[in-house]
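First the structure, in the form of structure tokens, and then the observations on it.
The values are calculated or read from the model by the stated rules, or taken from the named source; none is laboratory data. Nothing here was measured: the structure is a model prediction, and the numbers come from that model. Positions of Cβ are generated from backbone atoms using ideal geometry, with glycine treated the same way; all protein chains shown enter the neighbour counts. Calculation scope for accessible area: heavy atoms of the full protein, side chains included, ligands and nucleic acids excluded. Shrake-Rupley method; radii C 1.70, N 1.55, O 1.52, S 1.80 Å.
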Amino acid sequence: MNKFLRLLLFSFLLPLSSFLVISCTQDGYDKGEGQYSYLRGDFVEALIGADKNIVSLMTDEGETLPLLQPYTAKWITRSDTVYRCMLYYNKVRDSKGQTVAEPISVGEVPCPVIVPLSELEVEMKTDPVKFESAWMSKTGKYINLSFALKTGTTEDDEAIHSLRVVQDTIMTNPDGTSTSYLRLYHDQGGVPDYYSTQVYASLITSEILADSACISINTYKGFVTKAFLINK
């Protein structure tokens with residue numbers, strides 16, 4: 001029996017079902033009355049309370065927002081912690097006039113552990129992806145990655161994508177600073193490449209033990225390298 005591809009990321013599990021495609025009627029936008037009239041999409045840190053509800057959010061802009069009403073999801077399995085998320089929401093005012101977030105969809109964004117090449121237990125692979133963008137959050141806490149994987153239906157239960165972030169080396173520069181050279185590990189794993197599936201990930205900059213980072217990603221148009229200064 002054909003089945004939809006499951007995406008297993010060795011260093012993290014990506015819950016693609018958490019990311020929803022939101023359709024809106026033109027009437028809602030024309031009149032400003034639709035549920036998605038003021039829809040925004042931001043990477044956020046979600047503070048989880050004791051009851052596994054999201055208590056508040058901090059955007060990559062550094063803005064803290066309480067929620068209009070409690071919100072939770074099946075993938076929130078730990079209490080009193082912080083999750084990295086992609087949030088689609090309306091920014092509205094509550095009954096007290098306070099600016100709050102009204103969540104429409106919240107999906108967990110994986111924060112992969114960076115694996116030194118010397119500790120990689122499999123052959124290094126850089127099968128191509130459809131690179132979209134890489135950028136530093138304004139808070140300096142994350143490097144965000146946006147790309148797409150070619151996927152398709154298959155009868156092979158062994159066919160599965162694998163992804164990691166691998167550190168080749170840390171080099172000392174002439175000015176005494178250091179640079180961490182990273183590569184996106186991607187094994188297509190025998191998965192058909194019929195259509196594209198969106199993928200997000202965030203690297204925690206405090207875990208990059210250097211003054212800057214260069215991330216190399218193999219795309220269908222060749223390798224792309226993005227460089228970032230790490231704010232200590």
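Of all the numbered requirements in (1) under 19 Å from the mean Cα position of the chain (by Cα); (2) at pLDDT below 50; (3) aromatic (Phe, Trp, Tyr), Trp75 misses one, and that requirement is (2).
Within segment 151-169, being open to solvent by less than 50 Å² (accessible area, probe 1.4 Å) and closer than 19 Å to Met124 by Cβ holds for Ile160, His161, Ser162, Leu163, Arg164, Val165, Val166, Gln167. The set of residues from segment 170-217 being under 15 Å from Leu229 (Cα atoms), surrounded by 15 or more Cβ atoms within 10 Å (Cβ to Cβ) and either hydrophobic (A, V, I, L, M, F, W, C) or under 16 Å from the mean Cα position of the chain (by Cα) (or both) comprises Ile170, Leu182, Leu203, Thr205, Ile208, Ala210, Ala213, Cys214, Ile215.
Restricting to segment 208-229, name every residue that is among the aliphatic types (A, V, I, L, M) and either more than 17 Å from Pro116 (Cβ to Cβ) or without any contact (Cβ under 8 Å) to a residue 24 or more places away in the chain (or both). It would help to see each step written out before you state the result.
We begin by selecting, within segment 208-229, every residue among the aliphatic types (A, V, I, L, M); these are 208-210, 213, 215, 217, 224, 227, 229.
Within segment 208-229, Ile217, Val224, Ala227, Leu229 meet the criteria.
Highlighted here are the strands (runs of 3 or more DSSP E) found entirely within segment 141-207 that include at least 1 residues which are touching an Asp or Glu at 6+ places or on another chain (Cβ under 8 Å) and touching a residue at least 60 places away in the same chain (Cβ under 8 Å): 142-151, 162-172, 178-187.
Figure legend. Inter-residue proximity from segment 32-45: first residues modelled with pLDDT of 70 or more, second residues open to solvent by 30 Å² or more (accessible area, probe 1.4 Å) and of a type in the set (Phe, Trp, Tyr), beta-carbon distance below 7 Å, spacing 6+ or different chains. Indicated pairs: Leu39/Tyr88; Gly41/Tyr88. In segment 103-128, the residues that are part of a strand (DSSP E or B) form Cβ pairs under 7 Å with partners that are of a type in the set (Asp, Glu) and open to solvent by 60 Å² or more (accessible area, probe 1.4 Å), at six or more places apart or across chains, as follows: Ile114/Glu207.
Quick one: would you say Pro70 is under 20 Å from Cys214 (Cα atoms), modelled with pLDDT under 95 and not basic (Lys, Arg)? No; evaluated as a whole, the condition is false for this residue.
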